[in-house]
């Protein structure tokens, strides 16, 4: 019994379809990873003064904490925040409740650490 890979009867079409589908899935996952991690690197360099200015200055910030993709801030005056600057810095959403502000952003831990360091200086 001879085994020939070029013979169409030894390599069914469903097996070829499975191999092609597997290759497409691998390519799609690789593209997703490149896009996802490419965005994170772009926002990883943060300027503390820009964040402090957008939040009304370091004297306006009472406390900063980060949980997941959210930065929780306690502000003295919520009217001093500049939503347009925050959006340009990469904030996806700004939630304001009394003097507490929550920023939704991809690299929340890095930004919260930068803001905290800026307040201490």
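The values are calculated or read from the model by the stated rules, or taken from the named source; none is laboratory data. All figures in this text were calculated on a predicted structure; none of them were measured in a lab. Here the Cβ is made from the backbone with ideal geometry for all residues, glycine too, and neighbour counts use every protein chain on show.
Of the residues in the range 95-112, at least one is surrounded by fewer than 19 Cβ atoms within 10 Å (Cβ to Cβ), touching a residue at least 40 places away in the same chain (Cβ under 8 Å) and part of a helix (DSSP H, G or I).
Quick check, is residue 33 surrounded by fewer than 11 Cβ atoms within 10 Å (Cβ to Cβ) and either in the same structural domain as residue 106 (by TED's automatic domain parsing) or at pLDDT below 90 (or both)? Yes, satisfied. Checked against (1) within 14 Å of residue 116 (Cα to Cα); (2) surrounded by 14 or more Cβ atoms within 10 Å (Cβ to Cβ), residue 65 passes all but condition (2).
Counting the residues of the range 68-94 that are part of a loop (DSSP other than H, G, I, E, B) and under 17 Å from residue 119 (Cα atoms) gives 3.
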